[in-house]
Amino acid sequence: MHKPHVSSHILSLLAALVLWAAACNTSGLPSTQTAPAILPATSIAPTNAVDITASAPEAATPAEAQTKVVFRAAVIVDVSSEPVRREQAQGLFDEANKLLSQLVPIGLELADFVEDSGGGATNDMAQRYMVSHAAALPNGIVLFSFGDNGQAKLYGGYSYTLPGPAGFKNAFASPVVGADQIYVAVVHFGHKYAACGYGGSDTVQSSTSLDGECRNQPGTACVQQNGYSMCANAIGNLYMSTPTYAVSSTIIHELLHPFAPGGDQDHYATPECNARMGYPNGFFDLQESEYYNGLCPFVYENFKDSYQP
Ligand SMILES: [Zn+2]
């Protein structure tokens, strides 16, 4: 059965040192998805049997563009949750690409953009995409949706993997699930980082923080920022430095989860992460946490090493 690993990214950062105590079910990664019996397209042989004396080669792409490793992700918009326009998705990818490129020599590229009105589980939407695009599958899928049972709307996002069709090989081989999977990030496009005074509602209920908000500091003042009511104690944080930073960061966080063997234990500043990184017990640096998109820094080494074209 499909049982997504829920990473509860943004909420875990807000609730800081509490949530990673929650069990992380990496063993629940799906293993029994029925893969469509469609072979992926083999790479096309270059058609270079031309008269090379005819003309000088085009100046063409710069060397950098030719050698840059890129993780390609298709966007699926679950239109039953909320609309996301292609330009909005592209904007998030451009920002996420910059954030990721600070950490690894790997870019993030929006490979495709589709809208899904078929409903059902996010898993169904991803499967529909994979069946209809079997000839050119991406490395990952970013599915903008409230998520199964509203989990993305609640937490910001979560992550799971799905097996590709028979013969599929992902150039990014996960140390957890191998090279035959596609990485799925379910992300709440409209997620409000450090939302203040909402109390779980879509509209503001209070001018000060309600239960669990503002890093679990009740009575924190709310301020109008980035188009919504935000915790005053979040002003200055990296995640609010642009209106879309936190969601861009969530895309990275969720796409990279399958490269973190410990699941939620491989979040930034967990006891396991601090031990692994040689940080003192209880160490936590908020800005550094956000710089690493909430992941333990070693996960980026895993991601870099996973590239096996
Ligand atoms: Zn996570």
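Tabulated data
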read-out: The stretch 295-309 - phi-based ³J(HN,Hα) in whole Hz, Karplus 6.51/-1.76/1.60, Gly and Pro as x; value: 9, 4, x, 5, 4, 5, 5, 4, 5, 4, 6, 6, 6, 9, x
read-out: Under 10 Å, Cβ to Cβ, from Gly120 - net charge with Lys/Arg +1 and Asp/Glu -1; value: -3
read-out: Ranked Tyr307, Tyr292, criterion: other C-beta atoms within 10 Å, fewest first; value: Tyr307, Tyr292
read-out: Neighbourhood charge, 10 Å Cβ-Cβ cut-off, centred on Ala152 and excluding it, Lys, Arg +1 and Asp, Glu -1; value: -2
read-out: Residues of the stretch 153-186 with amide N under 14 Å of a point placed 7 Å along Cα→Cβ from Val114; value: 165
read-out: Amide H contacts under 5 Å for Cys196, placed H, 5+ residues apart; value: Ser229, Met230, Cys231
read-out: For the stretch 195-236: rounded, prolate or oblate by the Cα gyration tensor [a/c cutoff 1.5]; value: oblate
read-out: Partner aspartates and glutamates for Lys68 [C-alpha distance under 18 Å; skip if fewer than 8 residues away on the same chain]; value: Asp94, Glu95, Glu109, Glu301, Asp305
read-out: Whichever lysines have a C-alpha closer than 28 Å to that of Lys153, once near sequence neighbours (fewer than 8 apart) are set aside; value: Lys3, Lys98, Lys192
read-out: Residue exposure sequence - His191, His253, His133 - by fewest surrounding Cβ within 10 Å; value: His133, His191, His253
read-out: Computed FRET value (nearest 0.05) for Asn216 with Glu272, which takes r as the C-beta separation and R₀ as 25 Å; value: 0.70
read-out: Backbone HN-Hα couplings from phi across the stretch 190-197 [Karplus 6.51/-1.76/1.60, Hz, Gly and Pro as x]; value: x, 5, 9, 5, 6, 4, 10, x
read-out: In nm, spacing of pseudo-spin labels at Ser80 and Lys68 (7 Å Cα→C-beta vector); value: 3.7
read-out: Difference of contour (0.36 nm per residue) and Cα-Cα distance, Glu301 to Arg128; value: 59.1 nm
read-out: The stretch 129-178 versus the stretch 250-294: alpha-carbon centroid distance in Å; value: 21
read-out: Amide H partners (placed H, <5 Å) of Phe113, local residues excluded; value: Val75
read-out: Segment Ser241-Gln224, length gained on full extension (0.36 nm per residue, minus Cα span); value: 4.7 nm
read-out: Under 15 Å, Cβ to Cβ, from Lys192 - net charge with Lys/Arg +1 and Asp/Glu -1; value: -1
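No value in this document is a laboratory result; all are computed from the given coordinates. Small disclaimer: the values here were computed from a predicted structure and weren't measured. Every residue, glycine among them, receives a Cβ derived from its backbone with ideal geometry; neighbour counts consider all protein chains shown.
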